[in-house]
Amino acid sequence: MLDVAFENELSAAPAAFRLVSPFAPMGDQPEAIEALVRGFEGGASRQILRGVTGSGKTFTMANVIARYRRPTLVISHNKTLAAQLYAELKAFFPDNAVEYFISYYDYYQPEAYIPQTDTYIEKDASINEDLERFRLAASHALLGRRDVIIVASVSCIYGLLSPEDYRGLMLSLHVGQELPREKLLLALTEIQYQRNDYEPRPGVFRVRGDVVDIFPSYSTEGIRVSYFGDEIESLHALNATTGRVLGAMPSCLLSPAKQFVMPRSQLLGGVERIKAELQTRLGELDAAGKLLEAQRLRQRTEYDLAMLAEMGYCTGIENYSAPLAGRAPGLPPPTLIDYFGPDFLCIIDESHVTLPQIRAMFNGDQARKQILIDNGFRLPSARDNRPLTFDEFDARVPRILFTSATPGPHERAVASLTAEQVIRPTGLLDPLVELRPLEGQVDDLLDEIRATSAAGGRTLVTALTKRACEDLAQYLTDLGIRAEYLHSDIDAIGRVDILARLRRGDIEALIGVNLLREGLDLPEVTRVAILDADKEGFLRSATALIQTAGRCARNAESKVILYAEHTTPAIEELLAVTQDHRTRQQAYNTAHHITPRTVRREINEDLAAGSATVPEAPSRRKATPFAPAPDTPRTAEVIEREMFQAAQALEFERAALLRDELRALQAAAAARRER
């Protein structure tokens with residue numbers, strides 16, 4: 001067996017980040033950058049960047065990364081904003097490794113059991129191969145270099161193969177290396193690459209005489225290994241689609257094809273530990289008189305053990321991660337955070353939302369797993385395939401920069417410094433806030449929407465429930481207003497399409513509940529109306545009001561209207577914060593002779609990916625069942641190219657549609673050949 005262990009001790013020297021931007025820090029960005037960098041260099045472990053909407057927090061983050069020079073993990077609370085951050089940071093750091101790490105499921109239904117109705121829900125998932133490639137690229141980059149920025153969702157706190165085991169499975173190749181072809185092929189299969197001589201997709205290899213083409217799972221390019229006898233004569237980068245050779249390589253480093261993989265010897269040791277745990281658990285169930293549960297557990301586990309012994313993999317293998325890795329019960333699993341080593345920077349974007357999300361992951365996961373264990377669907381060690389607790393996460397991150405316009409109580413309690421960004425590079429002031437009576441709020445809103453639309457602006461409206469959003473949108477539509485609602489029942493690509501139409505002016509008013517808050521970049525919006533603003537609670541807290549008001553902070557004509565019977569503490573805080581910001585912003589503009597100007601952006605901006613185009617909504621694009629026979633090769637190539645381009649731009653929904661269209665085309669061509 002080939003020893004594929006790879007030793008690569010990264011230098012502790014600072015990483016070399018090169019920030020590329022036509023702009024220089026402006027307003028209070030220079031002071032914020034200087035204070036944050038000085039704080040981290042002085043040993044601060046927790047700091048806050050409190051910046052108003054539109055003040056350029058991402059640019060400040062980029063400058064802190066470039067100057068502090070440490071590998072960086074940026075965590076966002078949702079995939080759309082994570083994609084937006086990824087696109088922005090990749091543009092700022094074109095020479096560095098900027099990677100994207102989110103859940104790789106297009107659809108995920110976790111395994112569950114409902115005892116009250118005796119209903120077992122089998123795990124059901126659809127893995128997005130492009131997202132899986134991004135995740136593997138992130139792991140690969142972290143083990144090979146230090147100038148790495150990973151933009152992640154909270155999936156980064158879930159278990160992975162340990163970095164030590166992952167590094168031990170990496171395969172190093174170089175020109176002139178004595179390595180028989182048969183040993184190379186064996187090594188590839190051991191790290192979960194599959195032989196496929198017909199379809200060059202990520203995670204496979206093909207063999208043609210003395211040439212082995214490898215298509216790494218973390219890259220869109222392949223590697224061609226050419227042999228002379230038992231010696232590697234040459235290595236070349238390869239275009240996976242066209243097969244064209246791109247250039248020679250002196251050496252290369254291959255990571256495993258999957259993130260859950262381990263050496264055969266370790267796997268067999270883990271199988272024995274699973275068998276021992278099974279016998280112990282069966283004894284406990286028999287003693288408790290749970291004969292049905294014992295029989296169920298025995299059948300399920302023995303089937304999985306047979307699959308592991310024969311194939312090296314089984315469905316739900318992650319539930320056996322602790323015994324397979326030899327990890328003691330109760331210990332936290334290794335995660336992406338462990339791949340960074342002891343010296344890195346973590347930036348938590350929109351921390352007032354992201355931190356509660358991190359806190360919530362553990363308890364929900366454990367409650368579901370415990371029911372499965374009690375009813376004989378899983379071994380007790382399944383509990384150890386889990387996300388980190390908040391305390392475990394906090395202990396593993398040496399230094400954190402919290403960024404938010406409204407930091408939460410935890411951030412304020414632990415941070416040693418708060419750097420403020422109140423001045424916008426555009427000179428824009430915080431929007432005016434106006435209180436209006438609750439009585440007749442819908443009729444007043446109707447007049448406001450019409451006046452705003454006549455002036456060329458757009459209106460965002462927030463209501464308290466989904467039903468209220470839908471009813472209000474229908475009422476406005478019946479009165480001739482181009483209105484739509486936006487809430488969680490609308491999928492991600494549908495939201496992108498609605499927001500794009502709002503920006504283009506196809507929609508005059510958009511009504512939502514809680515989605516019209518953090519991260520939306522809508523310069524055309526000049527009015528934000530908050531209905532029932534005095535109904536105290538989560539949706540009308542000071543944080544929610546401030547974040548919602550910020551959605552119109554990119555337009556010089558902006559105004560926020562609160563409909564309320566009385567002034568609540570949350571409203572009072574919004575008024576006080578807004579007045580303080582406006583006073584400071586106006587003073588800066590006067591001193592520097594700045595005239596506020598509305599932000600200008602491409603109308604067709606894809607908010608999910610930061611690109612210049614908006615993908616078509618699924619309802620508007622249908623897979624082509626077949627194409628005329630003479631055009632089939634050309635059409636397939638064009639569709640495949642568009643598919644890879646869409647995936648590269650993070651337009652995953654469009655890429656999936658193109659994939660289905662390509663498969664239908666290929667199936668039709670195969671049917672014609674058979675006829």
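The values are calculated or read from the model by the stated rules, or taken from the named source; none is laboratory data. Just so we're clear, the structure is a prediction, and the values are computed from it rather than from any experiment. We place every Cβ from the backbone using ideal geometry, glycine too, and count neighbours over all the protein chains shown. When the accessible area is computed, the model is the full protein with side chains, heavy atoms only, and any ligands, DNA or RNA have been set aside. Shrake-Rupley method; radii C 1.70, N 1.55, O 1.52, S 1.80 Å.
What's the number of the condition Gly427 fails, among (1) modelled with pLDDT under 90; (2) under 28 Å from Phe59 (Cβ atoms); (3) open to solvent by 10 Å² or more (accessible area, probe 1.4 Å); (4) not in a helix (DSSP H, G or I)?
Every listed condition holds for Gly427 apart from (3).
Does region 474-500 hold any residues that are surrounded by fewer than 19 Cβ atoms within 10 Å (Cβ to Cβ), at pLDDT 85 or above and not in a loop (DSSP other than H, G, I, E, B), and which are they?
Gln474, Tyr475, Thr477, Asp478
State all residues of region 50-92 that are farther than 22 Å from Glu31 by Cα, of a type in the set (Val, Ile, Thr) and open to solvent by less than 30 Å² (accessible area, probe 1.4 Å); if no residue qualifies, say none.
Across region 50-92, the qualifying residue is only Ile75.
Taking the stated definitions as given, is Arg167 among the basic types (Lys, Arg), in a loop (DSSP other than H, G, I, E, B) and at pLDDT below 85?
No; evaluated as a whole, the condition is false for this residue.
Among all residue pairs at least 6 apart or on different chains, which show Cβ distances below 7 Å where the first residue, located in region 438-465, is in contact (Cβ under 8 Å) with a residue 60 or more places away in the chain and the second is part of a helix (DSSP H, G or I) and among the small types (Gly, Ala, Ser)?
Matching pairs, first to second residue: none at all.
Quickly run through region 431-470 and pick out the residues that are open to solvent by less than 40 Å² (accessible area, probe 1.4 Å) and under 30 Å from the mean Cα position of the chain (by Cα).
Of everything in region 431-470, those that are open to solvent by less than 40 Å² (accessible area, probe 1.4 Å) and under 30 Å from the mean Cα position of the chain (by Cα) turn out to be Arg458, Thr459, Leu460, Val461, Thr462, Ala463, Cys469.
For region 648-668, name all the residues that are modelled with pLDDT under 70, part of a helix (DSSP H, G or I) and open to solvent by less than 40 Å² (accessible area, probe 1.4 Å).
Scanning region 648-668 gives a single hit, Phe652.
In region 514-539, how many residues are at pLDDT below 85 and more than 20 Å from the chain's Cα centre (by Cα)? Full working, then the answer.
At the first step, the residues of region 514-539 found to be at pLDDT below 85 are 514-523, 536-539.
Checking the rest, the ones that are also more than 20 Å from the chain's Cα centre (by Cα) come to 522-523, 536-539.
Residues meeting the conditions: 6.
Out of region 445-473, which residues are under 22 Å from Asn555 (Cα atoms) and assigned to a helix (DSSP H, G or I)? So that I can check it myself, show each step before the final result.
Here is the first cut: in region 445-473, the residues under 22 Å from Asn555 (Cα atoms) are 445-462.
If the condition is that a residue be under 22 Å from Asn555 (Cα atoms) and assigned to a helix (DSSP H, G or I), then Leu445, Leu446, Asp447, Glu448, Ile449, Arg450, Ala451, Thr452, Ser453, Ala454 are the ones that fit.
Are any residues in region 257-279 surrounded by 12 or more Cβ atoms within 10 Å (Cβ to Cβ) and at pLDDT 85 or above, and if so, which ones?
Result: Gly269, Gly270, Val271, Arg273, Ile274, Lys275, Glu277, Leu278.
Pairs please, first residue from region 178-202 and under 18 Å from Gln266 (Cα atoms), second anywhere and open to solvent by 60 Å² or more (accessible area, probe 1.4 Å), Cβ atoms under 6 Å, 6+ apart in sequence or on different chains.
Sorted first by the residue in region 178-202, then by its partner, the pairs are Gln192/Lys258.
Which one of these is assigned to a helix (DSSP H, G or I) and surrounded by fewer than 18 Cβ atoms within 10 Å (Cβ to Cβ): Ala382, Ala395? So that I can check it myself, show each step before the final result.
Working: Ala382 fails: surrounded by fewer than 18 Cβ atoms within 10 Å (Cβ to Cβ).
So the residue among Ala382, Ala395 that is assigned to a helix (DSSP H, G or I) and surrounded by fewer than 18 Cβ atoms within 10 Å (Cβ to Cβ) is Ala395.
Among (1) open to solvent by 30 Å² or more (accessible area, probe 1.4 Å); (2) within 30 Å of Val37 (Cα to Cα); (3) not in a loop (DSSP other than H, G, I, E, B), where does Asp343 come up short?
All conditions are met except number (3).
Which numbered condition in (1) modelled with pLDDT under 90; (2) open to solvent by 20 Å² or more (accessible area, probe 1.4 Å); (3) under 25 Å from Asp444 (Cβ atoms); (4) not aromatic (Phe, Trp, Tyr) is the only one that His593 fails?
Status for His593: all satisfied but (3).
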